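The values are calculated or read from the model by the stated rules, or taken from the named source; none is laboratory data. Source: prediction; values computed, not measured. Ideal geometry is used to build each Cβ from the backbone, glycine not excepted, and the neighbour counts take in all protein chains shown. Protein only, heavy atoms only, side chains kept; ligands, DNA and RNA dropped before computing areas. Shrake-Rupley method; radii C 1.70, N 1.55, O 1.52, S 1.80 Å.
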Amino acid sequence: MRRLRSSKAVRSLVRETRLHTEQLVYPIFVIEGVQIKNPVASMPGIYQYSIDRLKEECERMKESGVRNLLIFGIPAHKDAVGSGAYDENGITQRAIRYLKQEYPELLIIADVCLCEYTSHGHCGLVDGCHILNDETLPLLVKMSVSLAQAGADIIAPSDMMDGRVAAIRAGLDEAGFLDTPIMSYSAKYASAYYAPFRDAAHSAPGFGDRKTYQMDPANGREALREMEADIAEGADILMVKPGLAYLDVLKEASQRFDYPMAAYNVSGEYSLVKAAAANGWVDEKRIVMENMLAMKRAGADIIITYHALDVARWLQEEE
Ligand code: PBG
Ligand code: ZN
């Protein structure tokens, strides 16, 4: 075996997996207000920006070569029905309009979920402590259509209500967005790895947890059923989330389904690496690149990661 490891050139010749900047998606957080650039304490290097300062992040993206972003809005007001999520002048809608006008070359993926907008912090409507499924669907449709109207290129539902992909597909088509793809958070687990994100997006549930709608971490085969359902409902791209902790699911799904597969390298996975690197316990660049390769090797076509700009820069340096 060592003959093919004997030099940099030969290792490069036989390398099976390569990363490409084109496949990276960078999540950004946009907050209501002016002149805001708030560091997210649990995610070093990640900030919440007000719309007037978003250009700083866009310039950094441009420099790195990353063209794809996943946008999350943080509204000033929350209510029981998440009105801000489907308000045409909502924070996310305005941010998308700004981005489309100033940076038309960027591909905008819009996360669809109510939890950033609801006073109770759940991803759907609630009745007592019950999270309502079918009653939530029309709101997700309204949100998707308003984000598409604002200029979102891809709609990405992350709420985990049953039947949402079919409802959103029908709603988008009816509103004339026949060409807007749906990237479904198909296999989204009820994970402790989302904790830093909930700081960043102010979306922690006010009571209980998300276990009645997000998947049980113990289940692998069920993820394939989720994906089958999403395919039948019209999803264009499937996602596994978290990415790193569920490589087995990613591998199996990518072999079973001939659909583009996305892996979401989530906030907790990012923060663990950043914390260890800050302590000098690991080499950040090598750890991150190894993590990226792991997701690609397992079958990810698309990688959503808070490391995206660093990864792109490191790939440039290697050239
Ligand atoms: C909203 C949403 C979450 C994430 C993406 N969209 C949080 C959650 O479900 O609680 C997590 C992303 C991350 O941890 O990086 N539903
Ligand atoms: Zn949510």
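Structure values in brief
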{"item": "Which listed residue is under 18 Å from PRO196 (Cα atoms), surrounded by 17 or more Cβ atoms within 10 Å (Cβ to Cβ), at pLDDT 95 or above and among the basic types (Lys, Arg), from LYS296, LYS274", "result": "LYS274"}
{"item": "Residue check, GLU284 more than 18 Å from the chain's Cα centre (by Cα), away from ligand 2 (no atom under 16 Å from the Cβ) and open to solvent by 60 Å² or more (accessible area, probe 1.4 Å)", "result": "no"}
{"item": "Residue within the stretch 232-248 that is open to solvent by 10 Å² or more (accessible area, probe 1.4 Å), away from ligand 2 (no atom under 16 Å from the Cβ), assigned to a loop (DSSP other than H, G, I, E, B) and over 28 Å from VAL145 (Cβ atoms) present", "result": "no"}
{"item": "Residues within the stretch 112-133 that are near ligand 1 (Cβ under 10 Å from one of its atoms) and either open to solvent by 30 Å² or more (accessible area, probe 1.4 Å) or in a strand (DSSP E or B) (or both), tallied", "result": "1"}
{"item": "From the options GLN101, GLN93, residue that is touching a residue at least 24 places away in the same chain (Cβ under 8 Å) and within 29 Å of THR21 (Cα to Cα)", "result": "GLN93"}
{"item": "Which listed residue is closer than 22 Å to GLY84 by Cα and polar (S, T, N, Q), from SER186, SER191, SER203", "result": "SER203"}
{"item": "Tabulated pairs, the stretch 202-217, first more than 13 Å from ligand 2 (Cβ to nearest atom), second part of a loop (DSSP other than H, G, I, E, B) and modelled with pLDDT under 95, C-beta under 7 angstrom, 6+ apart or interchain", "result": "PHE207/CYS129; GLY208/CYS129"}
